[in-house]
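Heads up: the structure comes next, in structure tokens.
The values are calculated or read from the model by the stated rules, or taken from the named source; none is laboratory data. All of these numbers come straight from a predicted model, not from anything done at the bench. With ideal geometry, Cβ positions are generated from the backbone for all residues, glycine too; neighbour counts draw on all protein chains shown.
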Amino acid sequence: MSEEQAQPQGTSAGANAEKHGFQAEVKQLLQLMIHSMYSNKEVFARELISNASDALDTLRFEGLKNDALFEGDSELQIWIEQDKDARTVSICDNGIGMTRDQVMDRLGTIAKSGTRAFLDSLSGDEKKDAKLIGQFGVGFYSAFIVADEVVVDTRRGGEATGVRWISDGGGEYTLEEIDKPQRGTTVTLHLREGEEEFTESQRLRHLVKTYSDHIGFPIKMLEEIDEADNEDDEAPKEAGWEQVNRGAPLWAEPKATLNDEDYAEFYKHSCHDYEDPLTWTHNKVEGSQEYTNLLYIPKRAPFDLFDPNGKAHGVKLYVQRVFIMDDADKLMPRYLRFVKGVIDSNDLPLNVSREILQNNRLLDKIRAGSVKKVLGLIESMAKDEEEPEKFKTFANEFGTVLKEGVVEDYENQARIAKLLRFKTTTDETADPGVSLDTYIERMAEGQEKIYYITADTMAEAKHSPHLEIFKKKGIEVLLLTDRVDEWVMAHMTEYEGKEFASVAKGALDLGDAESEEEKEQQKKLEEESSDLVGRIKEALGERVNEVRVTHRLTDSPACLVADEHGMSAHLERILKEAGQEMPNTAPHLEINPTHPLVDRLANEQGETEFADFSQMLFEQAVLAEGGELEDPATFVRRMNQMLLAVSRGAA
Ligand SMILES: Nc1ncnc2c1ncn2[C@@H]1O[C@H](COP(=O)(O)OP(=O)(O)OP(=O)(O)O)[C@@H](O)[C@H]1O
């Protein structure tokens with residue numbers, strides 16, 4: 001390949017050019033990006049160089065199996081060239097390139113799932129949106145922040161013809177076939193008026209140094225020639241290409257030679273983030289197998305963290321510096337899907353295929369070792385008293401995902417559980433929350449279990465009648481309101497020898513937290529209420545499993561309780577919402593005979609009134625725990641009748 005071919009190409013669309021419309025989302029994103037990212041306009045350089053470097057990585061990997069892709073030229077590089085007069089800057093690579101279909105697919109649409117929802121979530125406030133767009137990944141389209149026209153010339157290795165894509169960032173782009181001797185891609189930016197700075201060699205060199213010093217390929221620019229030197233010369237000196245970045249992958253360099261800025265810039269470049277990382281770990285592992293990992297935790301969760309189809313950029317696998325894949329699932333468990341970075345193995349064969357990697361023992365070991373490093377990294381943040389903010393950020397952004405690890409990674413369950421933080425009845429506002437260790441330290445006297453409640457919202461959890469006795473006795477309860485909580489708690493049965501117990505399930509046994517005297521009183525109450533319990537059960541029939549005297553309530557008349565080993569009403573609702581067929585399991589109804597309403601019920605002689613009253617008691621218990629009534633109209637009718645009777649009595 002000749003380096004002159006890096007010259008920017010002309011831009012007028014040729015005779016065979018075809019017009020195409022952008023996907024609606026692209027149009028909207030482009031407009032937003034141009035406006036909200038303007039104060040970070042330099043990002044275009046990093047994004048385009050990143051893409052060029054990814055294209056070189058892909059070529060190097062695919063070329064392992066198909067040498068023809070190299071077309072006899074395996075010196076992989078990136079060139080940047082600027083033209084002051086034409087006000088252009090070009091980023092050129094001899095990477096894998098794109099076919100016509102790939103260009104249409106990749107530069108005309110946004111494949112990320114959840115894009116629509118993401119765009120809808122933007123506020124219109126430029127500052128806030130700039131952060132969000134950064135989290136979305138600005139990518140190729142960032143070119144339009146500084147350019148009013150972008151031309152992409154590309155030819156995939158091994159293909160006969162190339163394609164030119166031109167757009168002004170409005171609603172359309174044109175495509176035409178071109179001759180392109182050089183494999184790879186050249187992106188030429190026609191800079192907007194006022195953006196001339198990006199045609200300055202010094203400015204561009206500085207950008208490369210700042211953002212792309214450590215990418216693993218040489219980035220070349222034309223030498224700067226002093227015009228004065230050439231003035232009188234008969235044979236003026238021609239500028240040659242010179243490398244302007246370090247060109248060695250950062251993770252392969254000794255830690256001692258790297259500073260925080262090096263790590264942060266490499267992160268932003270290779271992980272497509274526009275903010276600095278929260279923290280990282282860099283390890284060279286030697287022994288039975290050799291590998292290096294450089295793993296980062298971002299500051300902010302990506303917008304699609306909980307989208308099951310969301311593709312995280314995740315961790316990339318290299319073998320002896322050759323990029324192999326970025327299928328994050330093989331390198332990190334799902335619950336650490338927010339981790340980004342690089343793992344470079346010296347032992348895996350270079351010609352590994354994805355199939356071989358499916359069940360590879362070496363890879364499993366590397367993965368297990370890397371997981372331990374990440375957990376260690378989180379642990380050190382949790383212990384760091386000098387910078388508590390870091391762990392707080394981590395817990396708030398990724399705490400919910402980390403919880404999934406309790407289920408997914410049994411081997412590390414205790415380590416993960418130690419890192420979780422919870423809101424509790426004692427400390428609703430604790431940020432990031434209370435650890436299980438702290439909970440255990442301040443357990444009430446005689447308390448043996450770790451109590452929790454699950455609910456959809458904090459308000460629902462906090463005000464649940466199930467908490468009454470715990471409040472009275474000063475027993476702390478974990479308030480769990482994440483969607484994953486039910487699932488997590490089904491798998492986490494104990495911590496440090498202490499059992500977990502839902503406050504909404506089973507017959508409540510507070511163990512030694514209750515005095516003998518209290519237990520006696522309870523027994524007496526149960527005996528005295530046995531008649532009433534029987535009558536209510538008869539009135540409610542199949543709607544309830546069992547009616548019993550409560551142990552939990554102090555202020556409310558009644559509550560519902562699930563079976564000790566059954567599903568809580570909250571989980572049943574989640575599963576129903578998710579479209580699962582649920583057998584109708586009747587809950588237990590617990591009544592509080594010391595409550596005046598229940599006392600009033602006990603004295604009700606009229607059969608119909610008693611039945612109506614019992615139904616009301618049951619239905620308000622359903623509502624109090626966030627449930628839905630099967631027949632709300634009847635509930636309202638009964639309530640109105642009762643209100644009328646009360647007001648008549650009062651009159
Ligand atoms: N220089 C290039 N050579 C080959 N393909 C490229 C090049 N630049 C872009 N592409 C293709 O276009 C796609 C879209 O690029 P874009 O930068 O918008 O997104 P991305 O790199 O996938 O993700 P991100 O938004 O995080 O940057 C890339 O995934 C790649 O397939």
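What the table shows:
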| read-out | value |
| --- | --- |
| Boolean, Met98 is surrounded by fewer than 19 Cβ atoms within 10 Å (Cβ to Cβ), within 15 Å of the ligand (Cβ to nearest atom) and not charged (D, E, K, R) | no |
| Candidate set: region 511-532, residues that are within 23 Å of His565 (Cα to Cα) and not charged (D, E, K, R); chosen: the one surrounded by the most Cβ atoms within 10 Å (Cβ to Cβ) | Ala513 |
| Scope region 232-257; condition in contact with a helix residue (DSSP H, G or I) (Cβ under 7 Å, 6 or more places away or on another chain) and at pLDDT 90 or above; matching residues | Trp241, Val244, Asn245, Leu250 |
| Selected residue (only one of Leu508, Leu553 is modelled with pLDDT under 90, crowded, with 18+ Cβ neighbours inside 10 Å and closer than 30 Å to Trp487 by Cβ) | Leu508 |
| Residue count, region 577-614 (criterion: within 23 Å of Thr634 (Cα to Cα) and either surrounded by 11 or more Cβ atoms within 10 Å (Cβ to Cβ) or at pLDDT 85 or above (or both)) | 23 |
| Considering residues of region 561-576 that are of a type in the set (Asp, Glu) and more than 17 Å from Glu460 (Cβ to Cβ) only, the residue modelled with the highest pLDDT | Asp563 |
| Tally of residues being in contact (Cβ under 8 Å) with a residue 40 or more places away in the chain and part of a helix (DSSP H, G or I) across region 419-443 | 4 |
| Test: Asp67 is in the same structural domain as Arg183 (by TED's automatic domain parsing), without any contact (Cβ under 8 Å) to a residue 12 or more places away in the chain and away from the ligand (no atom under 12 Å from the Cβ) | yes |
| Test: residue in region 85-92 that is touching a Phe, Trp or Tyr at 6+ places or on another chain (Cβ under 8 Å), within 14 Å of the ligand (Cβ to nearest atom) and assigned to a helix (DSSP H, G or I) | no |
